[in-house]
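Have a look at the structure below, then the notes.
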Amino acid sequence: MENTVLLIIDVQNDYFPGGKMTLEGAEEAGKNVQQILEYFRKNHLPVIHIRHISTNDGATFFLPGTAGSEIHSLVSPLADEKVIEKHFPNSFRETDLLQYLQSKNIKNLVITGMMTDVCVESTTRASFDFGFNNTVIGDATATRDRELNGQMVKAVEVQRSFLAGISALGNLYARIVNTSDFLEGK
């Protein structure tokens, strides 16, 4: 786990039941993120929390100053854990994430968070392009049903497809594991 950081992307209140953009399986994914976070804390490994704040016209969730935009209590940051605020799906875009990782000599990212097919996927692909080795904890991510050309695509299919896409070609962008396998060192 040398030169490794845990990246928790957008585990924020609006994605959970009662929020403005509830995701399928957010609670289960959030609990898995919490387990990974506890492992990193117990082993004194670095953690970065990513918090999305919507600043684009027409945004309906993660609005500035709202309870929905706050990081969920399952993974509340500690005082010594880095929190990066972003305004785009890619956590590297117009943030100090890349510079911070380079300053800490980080080579490996363990990625968790929400939404699988938007912020997790775009951050994972960008991370690969910057030369990092990525592990995505698949069951510590969540998404929702999508519509494509008038047809509904269930969240479970969206989830499976995007995780398959970033792990294609021999785990090109990321190795995908589940929480229990990660915690058991597999």
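The values are calculated or read from the model by the stated rules, or taken from the named source; none is laboratory data. Everything numeric in this text was worked out from a predicted model, so none of it was measured. Using ideal geometry, Cβ is built from the backbone for each residue, glycine included, and neighbour counts are taken over all protein chains shown. Remember, those area values only see protein heavy atoms, side chains included, never the ligands or the DNA or RNA. Shrake-Rupley method; radii C 1.70, N 1.55, O 1.52, S 1.80 Å.
Per residue, the chain exposes 49 Å² of accessible surface when a 1.4 Å probe is rolled over the protein heavy atoms with every protein chain present. Expressed as a whole percent, the accessible area of the stretch 64-186 that falls on carbon and sulfur atoms is 51 (1.4 Å probe). In the chain the Cα-Cα distances spread across 5 Å bins starting at 0 as 1, 8, 18, 23, 22, 16, 8, 3, 1, 0 percent of all pairs. Over the chain, Cα pairs under 8 Å with separation of 6+ residues give a relative contact order of 25 percent.
Out of all DSSP beta bridges with both ends in the chain, state the antiparallel percent to the nearest 5.
Percent antiparallel among DSSP bridges in the chain is about 15.
Based on DSSP H segments of at least four residues, each scored -39500 (n - 2.57), the chain has a per-residue ellipticity at 222 nm of -9000 deg cm²/dmol. The lysine pair count for the chain, using Cα distances under 29 Å and pairs eight or more places apart or on different chains, is 24. The distance from the alpha carbon centre of the stretch 1-68 to that of the stretch 79-128 is 12 Å, rounded to a whole number. Extension gain, V156-D129: 0.36 nm per intervening residue step, less the Cα-Cα distance, totals 7.0 nm. Computed extension gain for A67 through E24, at 0.36 nm per residue and net of the alpha carbon distance, reaches 13.5 nm. Tell me which GluC sites (Glu not before Pro) from the stretch 1-108 have a DSSP coil assignment and no more than 12 other beta carbons within 10 Å of their own. Here the sparse-neighbourhood loop sites are E2, E94.
The label-point distance for S103 and L172, in a model that sets each label 7 Å from Cα toward Cβ, rounds to 3.3 nm.
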